[in-house]
Amino acid sequence: MPPVRPRDAATVILTQTLPSGEPAVLMGRRSRRAAFAPDVFVFPGGRAEPEDENLATIAPLLPAEAARLATAGAANARLARRLASAAIRETWEETGYLIGASTAEHDRLRADHAALRFSARAITPRESPIRFHARFFLADGAALTHAPAGSGELTDLAWFPLAEAKKLPIFDITEFILGELPALRQEAARTPLFTYRNGRPAIRWFGPV
């Protein structure tokens with residue numbers, strides 16, 4: 001049987017800097033009844049839907065981020081728009097947070113793509129019955145002061161200091177992202193592609209050395 005084709009997905013790594021100088025990340029636990037990734041902690045995100053392409057926007061992706069998505073994210077301009085909208089929509093639905101200058105009036109979302117920085121890409125194993133081709137976006141959570149409260153799809157939502165986040169029940173890709181987070185937050189960061197070869201993680205890097 002041929003492998004399942006991965007579905008395009010978008011994930012947001014929302015970060016804050018604690019008074020100690022250590023970064024904190026927003027994560028929540030998926031339901032133990034979930035068909036994919038049950039009972040593990042993840043960043044907000046989900047599948048990019050066709051209607052995300054038509055979501056109203058306040059500002060487009062910055063040119064540098066659109067270029068990075070084209071080269072390291074395997075996403076043309078149309079897909080890049082859908083992924084960016086999905087990232088903001090899923091974060092809003094799952095956490096109640098609006099990224100950047102995004103707005104939601106009468107449940108009508110307008111997305112601020114300019115608040116996103118493309119940071120990583122991952123494809124789940126070929127043998128998985130449910131597969132995703134996920135693009136990870138960094139976003140600044142410094143201005144988010146109220147407690148997260150979303151749709152209930154994620155429970156135990158909280159800002160975790162980086163050291164604590166690494167101790168949570170997480171996937172190997174999440175563990176990798178958390179380990180690379182200080183470097184990924186740099187402006188000239190390289191972009192990793194996290195895949196699997198012969199059942200083992202394989203990482204390829206794009207961008208400046």
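Worth pointing out:
- The set of residues from the stretch 21-57 being in contact (Cβ under 8 Å) with a residue 12 or more places away in the chain and small (Gly, Ala, Ser) comprises Ala24, Gly28, Ser31, Ala35, Ala37, Gly45, Gly46, Ala48, Ala56.
- Counting the residues of the stretch 106-120 that are surrounded by fewer than 21 Cβ atoms within 10 Å (Cβ to Cβ), out of contact with any Phe, Trp or Tyr (no Cβ under 8 Å at 6 or more places or on another chain) and either modelled with pLDDT under 95 or not charged (D, E, K, R) (or both) gives 4.
- Within the set Ile88, Ile58, Ile99, Ile123, the sole residue that is more than 18 Å from the chain's Cα centre (by Cα) and at pLDDT 95 or above turns out to be Ile58.
- Contacts under 6 angstrom Cβ, first residue in the stretch 84-96 being over 12 Å from Glu153 (Cα atoms), partner part of a helix (DSSP H, G or I) and among the charged types (D, E, K, R), 6 or more apart: Ser85/Asp52; Ala86/Asp52
- The stretch 5-16 residues that are closer than 15 Å to Arg47 by Cα, paired with ones that are of a type in the set (D, E, K, R) and part of a strand (DSSP E or B) (beta carbon under 8 Å, 6 or more apart): Arg7/Arg47; Asp8/Arg47; Asp8/Arg135; Ala9/Arg47; Ala9/Arg135; Ala10/Arg135; Thr11/Arg135
- Single condition Ala158 does not satisfy, out of (1) over 19 Å from Arg121 (Cα atoms); (2) surrounded by 12 or more Cβ atoms within 10 Å (Cβ to Cβ); (3) in contact with a helix residue (DSSP H, G or I) (Cβ under 9 Å, 6 or more places away or on another chain): (3)
- Options Ala142, Ala158; residue that is in contact with a strand residue (DSSP E or B) (Cβ under 9 Å, 6 or more places away or on another chain) and assigned to a loop (DSSP other than H, G, I, E, B): Ala142
- Checking every residue in the stretch 17-31 against the condition of being farther than 15 Å from Ile170 by Cα, surrounded by 15 or more Cβ atoms within 10 Å (Cβ to Cβ) and out of contact with any helix residue (DSSP H, G or I) (no Cβ under 6 Å at 6 or more places or on another chain) gives at least one match.
- For first residues located in the stretch 106-127 and within 24 Å of Gln186 (Cβ to Cβ), partners that are at pLDDT 95 or above and among the aromatic types (Phe, Trp, Tyr) and lie 6+ apart or on another chain with Cβ distances below 6 Å form the pairs Leu116/Phe137; Phe118/Phe137; Ser119/Phe136; Ala120/Phe136; Ala122/Phe194.
The values are calculated or read from the model by the stated rules, or taken from the named source; none is laboratory data. As the structure is a prediction and not an experimental result, all values here were calculated from the model. Reconstructed Cβ throughout: ideal geometry from the backbone, glycine too, with neighbour counts over all protein chains shown.
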